[in-house]
């Protein structure tokens with residue numbers, strides 16, 4: 001693995017000379033995650049998964065993008081959101097630069113739900129112009145491993161926000177950032193059309209929590225991270241095999 005933030009240009013040149021290479025870009029967010037998790041939760045998770053993926057694939061790891069499209073959480077202080085067009089442009093510009101550098105594939109590890117559509121737009125734009133493939137990964141396998149490790153019910157099917165799953169992952173990545181004395185459950189009454197249309201999350205939950213973080217552990221977080229990283233690597237390997 002080559003960590004671009006700590007490399008020199010000659011390191012990158014030598015890395016690329018060894019053959020077709022993959023670049024991995026973690027794309028996070030700065031948004032509220034209840035009173036017990038840091039605003040950088042999505043960036044921490046995307047960064048950790050991207051690091052594991054890059055190590056597994058012997059790929060180049062780009063620095064994490066720490067802001068995303070998180071307007072749905074702006075009702076609570078601390079959230080800083082980019083427009084969807086900005087997220088798409090940042091990803092597209094990074095992809096074009098990585099392509100000019102000589103990489104064969106860019107894998108974007110997405111840490112936040114709001115980034116999904118704009119990141120896919122950037123991937124589509126690269127494909128439409130016949131450019132380097134761009135693959136966006138959105139926590140593959142998370143729901144399956146979540147069902148295995150969770151002791152508490154989902155606030156809504158597949159919704160992970162400051163709950164047992166996210167709290168477990170942060171405990172595995174940066175335990176010092178979890179405020180253990182502030183763990184408290186909240187199960188908001190979800191609208192009947194939740195998931196069927198765009199809506200703000202923050203007004204639904206007074207604390208910003210969707211679920212129960214109290215049973216979270218670092219061991220659960222490690223199981224989740226390991227599973228999602230393995231699923232991610234399997235997907236990328238299938239894509240690389242097809243490209244070859």
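The helices (runs of 4 or more DSSP H) located wholly in the stretch 72-177 that include 1 or more residues which are in contact (Cβ under 8 Å) with a residue 40 or more places away in the chain and more than 22 Å from residue 230 (Cβ to Cβ) occupy 84-101, 116-128.
Candidates 14, 29, 5: the one that is surrounded by 15 or more Cβ atoms within 10 Å (Cβ to Cβ) and either modelled with pLDDT of 95 or more or under 15 Å from residue 106 (Cα atoms) (or both) is 29. Evaluating residue 26 against the criteria (1) farther than 22 Å from residue 120 by Cβ; (2) assigned to a strand (DSSP E or B) leaves one unmet condition, (1). Just one of the listed residues (205, 232) is modelled with pLDDT under 95 and either in contact with a strand residue (DSSP E or B) (Cβ under 6 Å, 6 or more places away or on another chain) or surrounded by 20 or more Cβ atoms within 10 Å (Cβ to Cβ) (or both), and it is 205. In the condition set (1) more than 19 Å from residue 111 (Cβ to Cβ); (2) modelled with pLDDT of 90 or more; (3) in a loop (DSSP other than H, G, I, E, B), residue 190 is compliant with all but (2).
For the stretch 178-187, the tally of residues that are touching a strand residue (DSSP E or B) at 6+ places or on another chain (Cβ under 9 Å) and part of a loop (DSSP other than H, G, I, E, B) stands at 4. Does residue 50 satisfy being at pLDDT 95 or above, more than 25 Å from residue 201 (Cα to Cα), surrounded by 22 or more Cβ atoms within 10 Å (Cβ to Cβ) and more than 17 Å from the chain's Cα centre (by Cα)? Here the answer is no, as residue 50 does not meet what is asked. Scanning the stretch 36-70 for residues that are more than 16 Å from residue 171 (Cβ to Cβ) and out of contact with any strand residue (DSSP E or B) (no Cβ under 9 Å at 6 or more places or on another chain) yields 52, 56. Of the residues screened, residue 238 is one that is without any contact (Cβ under 8 Å) to a residue 24 or more places away in the chain, in a helix (DSSP H, G or I) and under 18 Å from residue 49 (Cβ atoms). Within the stretch 155-185, being farther than 17 Å from residue 46 by Cβ, modelled with pLDDT under 95 and surrounded by 16 or more Cβ atoms within 10 Å (Cβ to Cβ) holds for 155, 156, 159. For the stretch 194-222, filtering for residues that are closer than 21 Å to residue 74 by Cα and outside any strand (DSSP E or B) leaves 14.
The values are calculated or read from the model by the stated rules, or taken from the named source; none is laboratory data. The model shown is predicted, which means the values in this text are computed figures rather than measured ones. Glycine gets a Cβ as well: all are built from the backbone with ideal geometry, and neighbour counts include every protein chain shown.
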